[in-house]
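These notes are about the structure you will find just below.
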Amino acid sequence: MALPIRQIVRNLFKPNFTSTTRRFAEATTCVKKPAEDPCKHNRHKGLVFGLYTNPEDVYDPGKLTPTGERYDSMVCHRLYELIKYTGPPAKKGEVRVFYNVDDEFSMVAVVGMGPECQGYDVFEQMDEGKEAIRIAASTGCKALQKMSVRRVYIESFGHAESAAEGAALGVWLYQEKKMKKHQVLIPQLELYDDCDWTGWQIGLQKAAAQNLSRQLMDTPANLMTPTSFAQNAVEVLCKSGVNVEVKVRGWAETQKMYAFLAVAQGSCEPPIFLELSYYGASRDERPVVLIGKGITYNSGGLCIKPCNKQRFMRGDMGGAACVLAACRAVAGLQLPINVRALIPLCENMPGCAAMRPGDIVKAMNGKSIKIESTDTAGRLCLADALVYAQNFWPRFIVDVGTMTNDMKHSLGASASGVFSNSEALWEYMLAASMHTGDRVWRFPLWDHFTKLVSNHHAVDVKTFGKGGAPRCGEACKVAAFLNEFVPCGDWLHLDTYGVMLSNGTDFPYLRQGMSGRPTRTLVEFLSQLVCHRE
C-alpha cells in the first residue's frame, strides 16, 4: 500500500533521535554514587597533634610527634605537606588548623611545642616539658572549639595527664548566666592513640577540680553568699562521698569563735562554718586538716577598699573554693588518706554593727586581738579555724587564702607564697608545684615578724603590729599572726592573692577571669604524701 506523500516527506526529514538522545541523557544524567557511611565522615570531630620546632634554626621544618607521624603516614603524608605549605612552622603555643585531611576528622590542629627534649628546669623550678604539653593541648582545643567542634581527640604528647589538664582547663569558661543559645560549646574530650587511660583520667579529675574552683570564685557575690556556698558544697561533695556538716552562728558562739564572728557582724548574711570530712583510710588514722578562707565578699568593712579592688573581691573566698575542690578531687581519685576541711564563711561589710578599727576581740584559744584595720578580716577568720583544728589531732595543717596585696607586688601571677614551720612539708609542696606547673615560693617565718605582731603591752596580738608603715612586710606579718594560733605540729600557709586572677595570656590554658589556683598543686601535694607513705 502506497504511503501518502505527506507521510513520505515527514519520514524523509525526521531526525534520528535514538542515538543522539541516548548520548545526551548519559552526559547530563548524574550517576548515583553509593551512599557514604555516616559514621565514617563526621564533621563534628577534631584532632590535635604537636609539632616540635627548634627556635634557633629558622630553616627547621619542624617534626611531628610520634603519634602525629603515624597519622601522617596513614593519610599518605598529606598532613606534613600541608604544614610545609603554610610557611614557617608554628612556634611554641601557635596553632595551624587543616581541613578535610581525611574522612574521619573534619579538622586537624597542629600546635607548636618548642624543642623536643624539654624537662625539669632548675632555675624555673618547673617541668618545662609538661607545661609545653598543657599549652599545646589547650591551644589546639580552643582553636577547634571556635569552630564548634563537638568532640576533640587529643594525643598524649608523651604525658597523658598533662594533656588532659591542659585540654580540660583550656576549653572551660564561666558562662552559666548567659542565655543558652549564646553559650560557647564545651566539646567532649577524648584521648587519641594512647593506652595511658589512668593518667588521662587523673588529669581530667585535677582539671575538673580547678574548674570547680574557678566556677565558685567567678560567681558574683550576690549569688555566692555563705548560705549558697554551703548549699553548693552539700550538692557537690555529698555525691562524691565527702561528708558535709553545716554549722551556724549559734554553734560558733558556743565555741567562742569571737574573731570569726566579729568579721560577720557587719553583714545581714549569716555566717556559716563548714566542716568536711573524707575517710579514705582507717578511721583511727590522723587526718590532714585543710583550712580555706571563705569571705564570699570583702568590701573592707568600715575601712572600705577602693572600687577597683572591690570589683574582684568576689574571689576573696578563693581559699575556700580551692579546699572544697581539692576534697572532691581526693574523693574522686579515692586517695587512701583521711582529710578534714574547715571553711569559715562570711561577708565583711560596713554595716551598722560592723567591727571598728581599735576593737579588741578574743579568739577561741583566749588570746586577745586588736583590730587595727577592718580590712584584715581574713586572718581573723583563719585564726579561730586554726585553733579549732586541734580537736582532730591532725597530722599537719594547711591553710589557703587570698591574704595580702604584698604577694601580688612581689610575685605577681607567677607563684603562690608559702610559709611553713616544717621543712618536709615545704619540700612536698615544692615537688608538687614542679609537677603541676602552678609554682610556689617560700617566704620567711622568722621570729622577727612574730615580735612585730605579738609584743604589745595592751593585747596579745595585733593585726598589723609594728614595723614601719602598716603595710610593710604584711605578708610575713600575716603568717606570724596566724602562727600564734596554730596548735603544736606541722603547719603550712599559702597566700594566693597574687594568683587569684588570670589575664588569659600568662598561662594560655587559663582564660581571663578567676584562676582557681593552686587547686591542682594542693591535690598533687596530697597525692605525693600518699605515695611516699606507701
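The values are calculated or read from the model by the stated rules, or taken from the named source; none is laboratory data. Values in this document were obtained by computation on a predicted structure and should not be read as measured data. Every residue, glycine as well, gets a Cβ built from its backbone with ideal geometry; the counts of neighbours run over all protein chains shown. Surface accessibility is based on the protein's heavy atoms, side chains included, excluding ligands, DNA and RNA. Shrake-Rupley method; radii C 1.70, N 1.55, O 1.52, S 1.80 Å.
Going by the alpha-carbon gyration tensor, a ≥ b ≥ c the square roots of its eigenvalues, is region 156-300 rounded (a/c under 1.5) or, if a/c is not under 1.5, prolate (a/b greater than b/c) versus oblate?
Working: a/c = 2.95, a/b = 1.53, b/c = 1.93.
Taking the square roots of the gyration eigenvalues as a ≥ b ≥ c, region 156-300 is oblate.
Just the accessible area per residue of region 355-484, please: how many Å² with a 1.4 Å probe? Spell out each step's value before the answer.
Values: 4760 Å² over 130 residues.
Dividing the accessible area of region 355-484 by its residue count gives 37 Å².
Using the Cα atoms of region 435-534, I'd like the radius of gyration and the largest Cα-Cα distance, Dmax, both in angstrom.
Here Rg and the maximum Cα pair distance are 17.2, 51 Å.
How far apart, in nanometres, would the label points at K309 and S410 be if each is projected 7 angstrom from Cα along the Cα-to-Cβ direction?
1.7 nm
Quick check: residue separation of E372 and E190 times 0.36 nm, minus the Cα distance between them. What number comes out in nm?
Numbers: separation 182, 0.36 × 182 = 65.52 nm, distance 5.35 nm.
Result for the pair: 60.2 nm of gain on full extension.
Sort H435, H77 from largest to smallest accessible area, using a 1.4 Å probe on the heavy atoms of the protein chains. Spell out each step's value before the answer.
On the way: H435 35, H77 100 Å².
Result, largest first: H77, H435.
Treating only the Cβ atoms of Lys and Arg (+1) and Asp and Glu (-1) as charged, compute the dipole magnitude of region 81-176 about its Cα centre; round to the nearest 20 debye.
My answer is approximately 400 debye.
Each residue of region 260-271 in order: what ³J(HN,Hα) in whole Hz does its phi give by Karplus 6.51 cos²θ - 1.76 cosθ + 1.60, θ = phi - 60°, with x for Gly and Pro?
5, 5, 5, 5, 7, 6, x, 10, 7, 6, x, x
How large is the dipole of the chain about the Cα centre if only Lys and Arg carry +1 and Asp and Glu carry -1, each at its Cβ, rounded to the nearest 20 debye? Spell out each step's value before the answer.
On the way: 60 positive and 55 negative charges, 517 e Å.
Approximately 2480 debye in magnitude.
Which residues does the label zone of V246 cover in region 252-274, counting backbone N under 17 Å from a point 7 Å along Cα→Cβ?
The answer is 252, 269-274, whose backbone nitrogens lie closer than 17 Å to the label point.
Amide H to amide H under 5 Å from S502: which residues, 5+ apart in sequence or cross-chain, H placed 1.01 Å off N in plane?
So S502 has HN proximity to G513, M514, S515.
Please list, in chain and number order, the residues 5+ apart from N338 or on another chain whose amide H is under 5 Å from its amide H, with Hs placed from the backbone.
G280, A281, V288
Local charge sum around M257 (other residues, Cβ-Cβ under 12 Å, Lys/Arg +1, Asp/Glu -1)? Numbers along the way, then the final one.
Details: positive: K247, R249, K256, K362; negative: E253, D384.
Once all neighbours under 12 Å are counted, the net charge is +2.
Does region 133-221 come out rounded, prolate or oblate by the C-alpha gyration tensor, with a ≥ b ≥ c the root eigenvalues, rounded set by a/c under 1.5 and, if not, prolate when a/b is larger than b/c and oblate if not? Don't jump to the answer; show the numbers that get you there.
On the way: a/c = 2.49, a/b = 1.49, b/c = 1.67.
It comes out oblate by the Cα gyration axes.
In whole percent, and with a 1.4 Å probe on the protein chains, what portion of the accessible area of region 96-205 is carbon and sulfur? Numbers along the way, then the final one.
Values: 2580 of 4960 Å².
Within region 96-205, the accessible surface is 52 percent carbon and sulfur.
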